[in-house]
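Notes follow once the structure below has been shown.
The values are calculated or read from the model by the stated rules, or taken from the named source; none is laboratory data. All values reported here derive from a predicted model rather than from experimental measurement. All Cβ positions, even for glycine, are placed from backbone atoms using ideal geometry, and neighbour counts span all protein chains on display.
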Amino acid sequence: MPGRIMQSIKKAGSSNPVFVLDEIDKVGHDYKGDPSFALLEVLDPEQNVAFYDNYLEMEYDLSRVLFIATANTTTTVNPALRDRMEVINVTGYIVEEKIEIAQRHLITKQLEAHGLKSDNLFFSNKVIEKIIENYTKESGVRELDKKIAKITRYYAKKIAFKENFDKNISIEVLREILGPPEYLKDIYQGNDFAGVVIGLAWTPSGGEILFVETSLSKGKGTLTITGNLGDVMKESATLALEYIKGHMTELNILPKTFEEYNVHLHIPEGAIPKDGPSAGITMVASMASAFTQQKIRKNIAMTGEITLRGKILPVGGIKEKILAAKRACIREIILPEDNRKDIEQISEIYLKGLKFHYVDNIMQMLEYAILKQKVNNPKKFEKIAIETN
C-alpha cells in the first residue's frame, strides 16, 4: 500500500521499531509494476538511510529500523531482494516440542476462547502425541491448534447441555471427535526383499521416508520409472543405472544381465508428486541390491545426490530428514561427508538413538549398505543369468 511504511512508523511512535514484513514470498507483480523493487530501497542498508516515500513526498531515515521478513520458501523471493537480507532457516518442531507447546500455550488458549476453565478438561501427553501423529502433518502447530479447538468445542457443548463426561480425555474418544486417523505414521517394517531401500526426503510439512523399490524382469534391458517422479529424480535414476553398468566388475554382475533383464524402479504413493536430487544415493543402492540379489542392511536409511563419476554430493533439509527417520524407528543413517557439518550444528536431543555413516562416494556407501553382508546364496542372481545364456 502506498505510504504504508511511513504510516506504520507513525503508528509505532518510534524511529527504531521492529518492522515485520509477513510472507514476503507472496509479493506479486503485474503490469503496474513489481513491489519487490520498491522494497529494495527499504531493506538495503546502503540506501534506506535516505528512503524517499513517493506517496507522501518526504524523505526518512530507515537505517535504525529492524526489518524482519517471513517466507515459507525463498525460491519465489526476488533474487536481488533476497541478496539484501540475511536468511535464517527455522526448521520444524519435533513431537516432544509440539507436545510442550500444546501444554503451555495451545490448550490454555482454546479453553479460554471457548469459555472453559483449566480444570474442565485435561489433555495427557499421550493424547496430544496421538493427535500429532494421526491427525496432523505439518512442521508447525497450526493444524494441531485446530484439532485441539475442535475437541474443546465438543466438550464445551456437553458442558452447555449439562451432559456427563470424563474430563480426562482418552485416546479412544479421539476417534469419535476427530474421526478416523487422517495420516498413518511411517514405521520401518523390516527389509525382506532385495531392491528395497529407505530414502529420506524433505517436504514443506517436514521430513518423510521414501521406499525405493527396484525389480528385474526378463526383457531387453529397458528402464521403467514410476511413482509420479519429477525430471530431477528421473535423471537420478538414469545416473544410478549408468553407474552400475560402469562398475559391473566391482559388483560381480555379468555384462549380459543388462541386456536380458528390464529394470523397473518405483517409489510408492504414486499420487504424490516427488522431485529433487537427494534420492540419487537411494536409487543406486536399490538397483545394486536388485542386481546382486543382496538385501540392504536393516534399520538403515540414506540421502544424498550422486554424480556420474560416483561422487556423493551434500543435500539440504538434514534436520527434517533426521526427525523423519526417528519417527519411523530407524537407527542408522547414511549421509554425504559434506553434511557432517550440518549434524554438528543440530542439538543432541534430535540425534539421540541415531548412528551416522558419512560417505564420499557410491562404492563406499555400497560396501557398508550391501556388499559386506553375509547372504545365503550370494551368487543366486549370477546363476540365473548363466541359465539364460
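Only strands (runs of 3 or more DSSP E) wholly contained in segment 190-297 count here; list those with 2 or more residues that are closer than 18 Å to Ile334 by Cα and in the same structural domain as Asn361 (by TED's automatic domain parsing).
Correct list: 196-203, 206-218.
Here are some residues: Asp342, Asp338. Which one is over 18 Å from the mean Cα position of the chain (by Cα) and either in a helix (DSSP H, G or I) or within 18 Å of Gly92 (Cβ to Cβ) (or both)? Spell out the reasoning first.
On the way: Asp342 fails: over 18 Å from the mean Cα position of the chain (by Cα).
Checking each option against the conditions leaves just Asp338.
What are the residues in segment 349-382 that are modelled with pLDDT of 85 or more and assigned to a helix (DSSP H, G or I), if any?
Matches in segment 349-382: Leu351, Ile362, Met363, Gln364, Met365, Leu366, Glu367, Tyr368, Ala369.
When only residues in segment 311-322 that are in a loop (DSSP other than H, G, I, E, B) and at pLDDT 90 or above count, which is surrounded by the most Cβ atoms within 10 Å (Cβ to Cβ)?
This residue is Val315.
Examine segment 239-249 for a residue that is surrounded by 15 or more Cβ atoms within 10 Å (Cβ to Cβ), closer than 17 Å to Gly195 by Cα and of a type in the set (D, E, K, R), and state whether such a residue exists.
Within segment 239-249, one or more residues are surrounded by 15 or more Cβ atoms within 10 Å (Cβ to Cβ), closer than 17 Å to Gly195 by Cα and of a type in the set (D, E, K, R).
Is it the case that Lys218 is surrounded by 14 or more Cβ atoms within 10 Å (Cβ to Cβ) and at pLDDT 90 or above?
no
If Ser124 satisfies every condition in (1) over 22 Å from Glu208 (Cβ atoms); (2) touching a Gly at 6+ places or on another chain (Cβ under 8 Å) but one, which is the exception?
Every condition holds for Ser124 apart from (2).
What about Ile225, is it at pLDDT 90 or above and either touching a strand residue (DSSP E or B) at 6+ places or on another chain (Cβ under 7 Å) or of a type outside the set (A, V, I, L, M, F, W, C) (or both)?
yes
Residues being modelled with pLDDT under 90 and in contact with a helix residue (DSSP H, G or I) (Cβ under 6 Å, 6 or more places away or on another chain): count how many of those fall in segment 323-348.
Residues flagged as modelled with pLDDT under 90 and in contact with a helix residue (DSSP H, G or I) (Cβ under 6 Å, 6 or more places away or on another chain) within segment 323-348 amount to 2.
Just checking, how many residues over segment 104-153 are in a helix (DSSP H, G or I), touching a residue at least 24 places away in the same chain (Cβ under 8 Å) and closer than 20 Å to Phe165 by Cβ?
The total comes to 16.
Looking at Ile272, Ile300, can you tell me which residue is exposed (fewer than 14 other Cβ atoms within 10 Å of the Cβ) and closer than 25 Å to Ala194 by Cα?
Checking each option against the conditions leaves just Ile272.
Could you please give the count of residues in segment 136-188 that are at pLDDT 90 or above, touching a Ser or Thr at 6+ places or on another chain (Cβ under 7 Å) and acidic (Asp, Glu)?
Within segment 136-188, residues that are at pLDDT 90 or above, touching a Ser or Thr at 6+ places or on another chain (Cβ under 7 Å) and acidic (Asp, Glu) number 1.
Which one is nearest to Asp22 (Cα to Cα), of the residues in segment 54-81 that are surrounded by 18 or more Cβ atoms within 10 Å (Cβ to Cβ) and out of contact with any strand residue (DSSP E or B) (no Cβ under 6 Å at 6 or more places or on another chain)?
Ala71
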